[in-house]
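Reading through the structure tokens given below for one structure.
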Amino acid sequence: MRIILATALLLVFAWPANAQDYKTVLDVPEGATLVSLSATERVEVEQDLLVAQLKYEAENANPKALQDEINRAMKKAVDAAKKVKSVKVSTQQYYVHEYRRDKHAPKIWKGSQGLMIKGKTADELLELTGKLQEMGLTMSGLSYALSPELLEETRDNLLEVALKKLQAKAARTAKALGKTSADLLQVNVDMGGGTRPQMMRSSMAMSEGIAASAAPVAAPGQSDITLSVNAQALVK
């Protein structure tokens, strides 16, 4: 993993020599200086969780027959997915509605239900995805993401590095100001927003009217994770 560090000294406030004994960060002792510091750690991490979204679609003039077809197909798909131990499976939205192809055509019913599978063993998941396509399911999305456990571990590591850099920055600031010590009085941590994952789709699977003859292919991208810390330090 390649880590890019950006640290910045934001503001330095020198307080009056006649300040009273401090009970809060605003009441600094005589000769002390209150310093605001910040540090940002950024790292690119290879995504480790593959997520596939599929759905079964059908239509029928008889709504009961339509739902029975969807139910049977989805049970078969879920049973097949559960046999792959490295994969987690969950069903998604179930939707049935009535419509006409045109104003002169009789009404028919159309329905669909989604299925999501995810796992860290890409080869097994992709092989399963190919089998599900052969069962009549179509691919609606295929993407890599960062697993929650890897995201948490990465942020913990970034936090440790950022805090050490912040303490070193405070010590250097104290030395530059002719002081002998620096204490961090208040530290705030900003975990950042999303991880900006690389998204992808299987072009083969998205082609209408073409039966899947091989498993789709996917390659992991990189997620950019950012963590920022800022603090007030009392140097004296």
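Just so it is clear, none of the values below were taken in a lab; they were calculated from the coordinates. Quick caveat: nothing in here was measured; it's all calculated off a predicted structure. With ideal geometry, Cβ positions are generated from the backbone for all residues, glycine too; neighbour counts draw on all protein chains shown.
Partner aspartates and glutamates whose Cα lies under 15 Å from the Cα of Lys64, excluding those fewer than 8 positions away in the same chain, are identified as Glu98. Highest mean packing first, where packing is the average number of other Cβ atoms within 10 Å per residue, the peptides 219-227, 177-185, 97-105 line up as 219-227, 177-185, 97-105. Using the Cβ-Cβ distance between Asp27 and Ser90 with R0 set to 45 Å, the FRET efficiency works out to roughly 0.25.
Among Lys120/Lys165; Lys55/Lys82; Lys55/Lys120; Lys75/Lys120; Lys76/Lys120; Lys118/Lys165, which pairs are too far apart, with a Cα-Cα distance over 28 Å? Cα-Cα > 28 Å for Lys120/Lys165; Lys118/Lys165; rest within. Protection proxy ranking for 48-61, 66-79, using the average of other Cβ atoms within 10 Å per residue and placing the highest first: 48-61, 66-79.
Given the Cα-Cα distance of Lys82 and Glu57 and 0.36 nm per residue of separation, how much length would full extension add, in nm?
6.9 nm is the gain from fully extending Lys82 to Glu57.
Segment Glu127..Asn157, full-extension length gain: 7.4 nm, with 0.36 nm per residue of separation and the alpha-carbon distance subtracted.
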